[in-house]
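The values are calculated or read from the model by the stated rules, or taken from the named source; none is laboratory data. None of the values given here were measured: they were computed from a predicted structure. FYI the Cβ positions are ideal-geometry reconstructions off the backbone, even for glycines, and counts take in every protein chain you see.
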Amino acid sequence: MHDAPHVSVAIITFNEADRLAECVRSVIFADEIVVVDSGSSDGTREIARALGCKVYEHPFCGFASQKQYAVDRCRHDWVLILDADERLPAPTANEIKYRISTASEDVAAFGFLRRNYLHRRWIRHCGWWPDKVVRLVRRSRGAFNPKTVHERWLARGRVEQLPLYFDHYSFRNYAEMIEKLQLYSTLAAQEMASGKVKIYPWSPLLHGGWTFFYTYVLKLGFLCGFDGAIIALLNAGGSFMKYAKCWEIIHHGATAAEEDRD
């Protein structure tokens, strides 16, 4: 009889003092928990150490690069990749070691279903469900793509989708959604501007309008009440600003926004 495979957990953090402990406690089955922090000022690193995590500090240089750095710090080949605002329910946690112990050699990673919450409410529409993500990986059989945002694990082998889910408490309130909109639209615009993308003066409005229609109508966001309307509007705003900022970078330089604030 073979011993159960060891599994590491990789988490990246920035000012997650109020959420990290609950995340870590949901993966107490792990043989190792690695936390990579990018300059928290709220005691996140101290909390992680008190919980028995291995803590590393690394300047933030994009989500894919930061998560890859965390995965590379792990000792074991099987790595569960989480954010500090994600939680594993007990049935999912209990199943993970069994799944990797019975996985065939051609399986390079496992996919999960992610339940996204807003105001502690599971959002079942707006394109937020079903949300399929690859999170349990053999680190020797893959790597993150080089994208700055919307990072994705690229497995070298078969990805098996599991009928298991975990919970994602991404936003505490609308203000946090706007903060993320600003960050993601800026990073995405910089990435787009570095490529050969064509941006026209009408691109922001067209993309923003389509995103609202897609989220609120085609993805049934109207069934989620006021939260659904806000999600659709902010998705549209994020798309609008991504293209607007890309236009700004191309026509006015990458530091135009910073110069305007000075």
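So the check is Cβ under 7 Å with 6+ separation or different chains; which pairs have a first residue in region 20-47 that's without any contact (Cβ under 8 Å) to a residue 60 or more places away in the chain and within 19 Å of residue 92 (Cβ to Cβ) and a second one that's polar (S, T, N, Q) and exposed (fewer than 15 other Cβ atoms within 10 Å of the Cβ)?
Every condition considered, no pair remains.
Which of the following residues is over 18 Å from the mean Cα position of the chain (by Cα) and polar (S, T, N, Q): 190, 182?
Every option except 190 fails the conditions.
List the pairs whose first member sits in region 98-117 and is at pLDDT below 95, whose second member is crowded, with 18+ Cβ neighbours inside 10 Å and hydrophobic (A, V, I, L, M, F, W, C), and whose Cβ atoms are under 6 Å apart, counting only residues at least 6 apart or on separate chains?
Pairs that qualify, where the first residue is at pLDDT below 95 and the partner is crowded, with 18+ Cβ neighbours inside 10 Å and hydrophobic (A, V, I, L, M, F, W, C), are 100/78.
Considering only region 189-199, how many residues are touching a residue at least 12 places away in the same chain (Cβ under 8 Å) and loosely packed, with under 14 Cβ neighbours inside 10 Å?
1
When you check residue 185 against the structure, is it of a type outside the set (A, V, I, L, M, F, W, C), assigned to a helix (DSSP H, G or I) and assigned by TED's automatic domain parsing to the domain that holds residue 76, yes or no?
no
Give the residues of region 25-41 that are farther than 20 Å from residue 110 by Cα and of a type outside the set (Ser, Thr, Tyr), sorted by residue number.
25, 35, 36, 37, 39
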